[in-house]
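Novice: To start, I am sharing the structure in question, which I have written as structure tokens.
Where a number appears in this text, it was derived from the coordinates with a stated rule and is not lab data. What you are looking at is a predicted structure, and each value in this text was computed from that prediction instead of being measured. Neighbour counts run over all protein chains shown; Cβ positions are idealised from the backbone, glycine included.
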Amino acid sequence: MCEGMHDEHERQLPAGCRGPRLAFRPASLQVRYSVAFVSRSTSHGVYRLQDATVPEATRVMQIRPERPEDREAVFDVNRLAFGQENEARLVDALRQSSAFIPELSLVALDGSDVVGHILFTRITVEGRSGTHDALALAPMAVLPPFQRQGIGSALVRRGLEEARSLGHRVVIVVGHPDYYPRFGFVPGRPLGILPPFEVPSEAFMVLELQPGALLGIQGVVKYPPEFDEV
């Protein structure tokens, strides 16, 4: 349930998070871009990434919901980012489930090529106060040659914007504790939000999309059965 290798922090994820690292191309062969600004066009979802080494040079990256013709490319992005097919098969399985939300399976395009993908699916938090709806952020993947360029961060920010606009209130992620707090995620255990599996406490995080969304919510997160296959 952890994310594919981050574009900005290519560090080993905590023990208990799945998805092996891949070897990166030598730095001399990588095209490095930094986020000059992240501005969303409400109609097109356009982000501009500026080449850090060439003044005024920009490449435009579009983020939008996946389309049927993207599915093979989405599979390949997840397969290559994680170095295995588990997460790619998870996306395929979730796409056929009631947990899938078409507007929250987003792709990042470099020109016409899919180079990144993020998925948010329906989960619940179950406890004494009842069953509460939430979202799982998993998986998130960027093609290895396009990592460390801000694409993953742009996918996360756009996905959270879309989730908020659709009325969702809580997001759960299992990921690197040095990466996700920048988006507002905090450890879940101190708030009474518990994982259904063993994972380092600092890697299991939660985010309120609406102020006070977690008030009165405590319990164990329940993932769709498709996650059991990963």
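Novice: Could you list all residues from region 142-160 that are outside any helix (DSSP H, G or I) and under 12 Å from the mean Cα position of the chain (by Cα)?
Specialist: Matches in region 142-160: 142 only.
Novice: A follow-up question, please. Quick one: which of 136, 163 is under 23 Å from residue 203 (Cβ atoms), in contact (Cβ under 8 Å) with a residue 60 or more places away in the chain and under 15 Å from the mean Cα position of the chain (by Cα)?
Specialist: 136
Novice: Would you say residue 220 is touching a strand residue (DSSP E or B) at 6+ places or on another chain (Cβ under 6 Å), crowded, with 18+ Cβ neighbours inside 10 Å and assigned to a strand (DSSP E or B)?
Specialist: The answer is no for residue 220.
Novice: Hey, any hits in region 176-190 for a residue that's in contact (Cβ under 8 Å) with a residue 12 or more places away in the chain, surrounded by fewer than 21 Cβ atoms within 10 Å (Cβ to Cβ) and part of a strand (DSSP E or B)? Working first, answer last.
Specialist: Start the filter on region 176-190 by keeping residues that are in contact (Cβ under 8 Å) with a residue 12 or more places away in the chain, which leaves 176-189.
From what is left, the residues that are surrounded by fewer than 21 Cβ atoms within 10 Å (Cβ to Cβ) are 177-178, 181-184, 186-187, 189.
Keeping just the survivors that are part of a strand (DSSP E or B) gives 186-187.
Yes, region 176-190 contains at least one residue that is in contact (Cβ under 8 Å) with a residue 12 or more places away in the chain, surrounded by fewer than 21 Cβ atoms within 10 Å (Cβ to Cβ) and part of a strand (DSSP E or B).
Novice: Also, I was wondering about something else. Between a first residue in region 117-131 that is touching a residue at least 40 places away in the same chain (Cβ under 8 Å) and at negative phi and a second residue that is among the charged types (D, E, K, R) and assigned to a strand (DSSP E or B), which pairs have beta carbons less than 7 Å apart while being 6 or more apart in sequence or on different chains?
Specialist: These pairs meet every condition: 122/133; 123/222; 124/133; 124/222; 126/222.
Novice: For residue 199, only one of the following conditions fails: (1) touching a residue at least 12 places away in the same chain (Cβ under 8 Å); (2) in a loop (DSSP other than H, G, I, E, B); (3) surrounded by fewer than 14 Cβ atoms within 10 Å (Cβ to Cβ). What is its number?
Specialist: Looking at each condition in turn, residue 199 falls short on (3).
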